[in-house]
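To start, the structure itself, in structure tokens.
The values are calculated or read from the model by the stated rules, or taken from the named source; none is laboratory data. Here the structure is a predicted model, which is why all the values come from computation and not from measurement. Glycine gets a Cβ as well: all are built from the backbone with ideal geometry, and neighbour counts include every protein chain shown. What goes into the accessible areas is simple: the full protein's heavy atoms, side chains included, and nothing from ligands, DNA or RNA. Shrake-Rupley method; radii C 1.70, N 1.55, O 1.52, S 1.80 Å.
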Amino acid sequence: MSISQHLFNLKFSAKELQRNSKKCDKEEKAEKAKVKKAIQKGNVEVARIHAENAIRQKNQSVNFLRMSISGLMDKFEHQFETLDVQTAQMEDTMSSTTTLTTPQNQVDSLMHELADEAGLDLNMELPQGQTGSVGTSVASVEQDELSSRLAKLRDQM
């Protein structure tokens with residue numbers, strides 16, 4: 001079942017619960033009218049029963065309103081819209097990232113081609129090797145620092 005179908009079912013259920021609440025309100029009013037009639041006739045026990053029914057209907061009406069999940073529905077719809085926006089933003093970011101990221105071998109071959117056309121000698125192997133080793137050494141230093149900090153924390157406990 002799709003999200004939109006779930007959303008429709010939730011809205012339908014909420015409206016049905018609101019209708020039940022209104023029905024209970026009407027029944028409460030009818031019970032109150034019965035209480036007045038019973039009191040006028042002097043029948044206190046019947047009036048008490050109708051008063052209890054009126055209170056029960058009022059409580060049931062309030063419960064139906066609570067269960068109508070209107071607030072929850074609003075939150076659900078808001079989160080659903082937020083999710084759509086976040087998904088769209090992520091897709092845009094990913095597509096722009098992939099278009100900006102070009103394969104390194106294509107860049108290298110283009111540079112070699114243009115260098116050959118210009119009659120220049122292009123030596124790109126040396127810088128690539130150096131950046132790889134520098135990046136690795138920096139990462140290993142950071143890893144060593146983190147390991148020593150973790151060891152100190154463990155010793156303190």
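Going through Leu126, Leu100, Leu120 one at a time, which residue ends up being among the hydrophobic types (A, V, I, L, M, F, W, C), open to solvent by 60 Å² or more (accessible area, probe 1.4 Å) and modelled with pLDDT of 70 or more? Quick ask: steps written out before the conclusion?
Numbers: Leu126 fails: modelled with pLDDT of 70 or more; Leu100 fails: modelled with pLDDT of 70 or more.
Answer to the selection: Leu120.
Here are the criteria: (1) surrounded by 15 or more Cβ atoms within 10 Å (Cβ to Cβ); (2) hydrophobic (A, V, I, L, M, F, W, C); (3) modelled with pLDDT of 80 or more. Tell me which single one Ile69 does not satisfy.
(3)
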